[in-house]
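Comments concern the structure below.
What follows draws every value from the coordinates through simple rules; no lab data is involved. What you are looking at is a predicted structure, and each value in this text was computed from that prediction instead of being measured. No Cβ is skipped: glycine too gets one built from the backbone with ideal geometry, and neighbour counts run over all protein chains shown.
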Amino acid sequence: MSQSKLVFLFAVLVLCSTSVLGFSSPQLKIRQDTSLNIFGGLKGAFANEEMGAKKNEGLSNGPNINDNVTVNGKAVQGAVVGQKITVVAGRARVKIPVNCQKGDCGTCMAMVNGKKVKACQTALGAGKCTIKTL
Ligand code: FES
C-alpha cells in the first residue's frame, strides 16, 4: 500500500470517527414538565398584532323587549320584538304545534290580537300582543 493511500485511509478514519462520535453522544436535556408544548412554537405568533379597542359584540342597544305579551292569559317575560310567535309561546311554556315551519300546512294557526295567523311565520310586534292557541 502506498503512503498516499495510507494517508487517505487515515483521514477517512478520523473523519468518520469524529462524525460518529458527534452523533452518538447527543446533549440530552431531561424535561421536568409533562406538557407536550404542541403550540409552544406559536406562542408569539400574534404578539405584535394591534387589534385596537374591542367592540362589544352582540346587540348594540340590547334586545327590544316587549313586556305587553300574553299567551292564553299568561304574561310572557322577556319576549323580543321580531321573534316568531311559536318562540314567544314557548317562553310561556305553551306549545304551539308545528309541522312544515314554512307557512304551507297551517298546523301552527293561532290567534294574535284577534286575528288568525300562522304562528311559525308571524313575528311579534312592538305593541300589546294577545296570543291564544286554537
Ligand atoms: S308549521 Fe306549517 S304553516 Fe306553520
Using packing as a proxy for protection, rank 121-130, 98-107, 84-93 so that the peptide with the highest average count of other Cβ atoms within 10 Å comes first. 84-93, 121-130, 98-107
Out of residues 5 or more away from VAL94 or on other chains, whose amide H comes under 5 Å of its own, with H placed 1.01 Å from N in the peptide plane? none
